[in-house]
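These notes are about the structure you will find just below.
The values are calculated or read from the model by the stated rules, or taken from the named source; none is laboratory data. Worth saying up front: this structure is predicted, and the values here are computed from it rather than measured. Note: ideal-geometry Cβ built from the backbone for every residue, glycine included; neighbour counts use all protein chains shown. Side chains included, ligands, DNA and RNA excluded: accessible areas come from the protein's heavy atoms. Shrake-Rupley method; radii C 1.70, N 1.55, O 1.52, S 1.80 Å.
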Amino acid sequence: MRTASIFTAALFGGAIVFAFAPVAGAHQSYNLSGYGSGLAGSTNGSDGSPTDVPPATWTNGGEDEYTGKLPVNWIAGIHSSTDLRVEQTGSAVNPPFDSMIDQVNVYNAATDPDLPTDRVLAVGGLSWSDPGNGNQGWGHGLDYGLIEVEPLDTVLAGGPVKLTITLSDDPSDGVAPQLAFALYGGWDTSGTSDRHQTFTTNPAPVDNPLGSAGLTLIDYAVAVGPGRTITRTIDIDDTYDGHYTVFVGALGGVAGQYQITISAAPDEALGACETALVDSDGDGIPDDHDACPGTPSGAEVDQAGCSHAQFCAKVDVTAKKGKTICKKSDWKNDEPLMSGKQADCAYDKSSNSCAPTP
């Protein structure tokens, strides 16, 4: 990353309240360590530092669980099925605490007023593909971000949830890089990973790049041209314990600033599909098409999910018409209209009911 950064955050349906104490599991936070001589004296993949040596300086708390050596630039926490995080360079759009500038100013006021505030998010133009490096990228020009879905069981409590990553150009710097990103499941756990090496992207990114450990490639996207937006959506599940890593880069030789949005949303289509397939009584007929719930285990049923006994019991013989219907009933609808003695159900005078034909 080569830049000064703005982190905007919003929570659908309510306001975000930021706590700037150095605690783990922050909603979103920026690593200000490793000030460099890049764009606006920015923190970035070239000049940033890992989280422990030297210690990272987080605007809104770091993440105790991260043990890798790759220099994480930002953390985005997803804590509900409708969370939205936007990291961007530029002016705040939903004050007071939706930008990196806001976070830096508040952090500096409480800790060190001399820390710089001109941070941006940006990537090197050869971080994804360099013709002089066999069309591979360079790890030192990338930005690194962590996504934490926590608590995972709470986020998924209402049903399936999708996570969407959208990367777009930030026009405020006047250039349009051709952006790309790779999304990994897990966080780096290697004690020896190093950004100062080739980042394999051709023909595709690989698992555990840059000597990392615990990173499984889920998906990646490359913009078709400068300034174009790219997006990918995945299912959130327990495979990676709610931990994901994003590598942001650019190709074409043009470095520049970017905006990345991480959002969660209920997977309503999948949820409806799964609901439609629920078969509570196990008779082979989904609940939303089962006219007779609670069929005894192992009982044969008709196309409506009714056993022989349930089918006959549903006929109301308290009226004369019901008695007629009972005498002409056809349980599996497998015969032409029948006479009373051929019907699957028979009227029982003693109990004034419609019962299965013996």
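If I go through the range 169-184 residue by residue, how many of them are touching a helix residue (DSSP H, G or I) at 6+ places or on another chain (Cβ under 9 Å) and open to solvent by 10 Å² or more (accessible area, probe 1.4 Å)?
Total satisfying the criteria: 1.
One line per residue, one yes/no per condition, for (1) at pLDDT below 85; (2) closer than 30 Å to S81 by Cβ:
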| residue | (1), (2) |
| --- | --- |
| D281 | no, yes |
| P286 | yes, yes |
| D316 | no, no |
| E335 | yes, no |
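Looking only at the range 129-159, count how many residues are open to solvent by 10 Å² or more (accessible area, probe 1.4 Å) and closer than 29 Å to T67 by Cα.
11
Considering only residues of the range 275-308 that are touching a His at 6+ places or on another chain (Cβ under 9 Å) and not in a loop (DSSP other than H, G, I, E, B), which is surrounded by the fewest Cβ atoms within 10 Å (Cβ to Cβ)?
So, considering only residues that are touching a His at 6+ places or on another chain (Cβ under 9 Å) and not in a loop (DSSP other than H, G, I, E, B), the one surrounded by the fewest Cβ atoms within 10 Å (Cβ to Cβ) is A276.
From T192, T216, grab the single residue that is of a type in the set (S, T, N, Q), open to solvent by 60 Å² or more (accessible area, probe 1.4 Å) and more than 21 Å from N135 (Cβ to Cβ).
That would be T192, the only listed residue that is of a type in the set (S, T, N, Q), open to solvent by 60 Å² or more (accessible area, probe 1.4 Å) and more than 21 Å from N135 (Cβ to Cβ).
Restricting to the range 199-211, what's the tally of residues that are in contact with an Asp or Glu (Cβ under 9 Å, 6 or more places away or on another chain) and either open to solvent by less than 60 Å² (accessible area, probe 1.4 Å) or under 11 Å from G68 (Cα atoms) (or both)?
Residues flagged as in contact with an Asp or Glu (Cβ under 9 Å, 6 or more places away or on another chain) and either open to solvent by less than 60 Å² (accessible area, probe 1.4 Å) or under 11 Å from G68 (Cα atoms) (or both) within the range 199-211 amount to 2.
In this structure, does G225 turn out to be in contact (Cβ under 8 Å) with a residue 40 or more places away in the chain and closer than 26 Å to T198 by Cα?
Answer is yes for this residue.
Out of curiosity, is Y240 under 24 Å from K69 (Cα atoms), assigned to a loop (DSSP other than H, G, I, E, B) and among the hydroxyl-bearing types (S, T, Y)?
Yes; evaluated as a whole, the condition is true for this residue.
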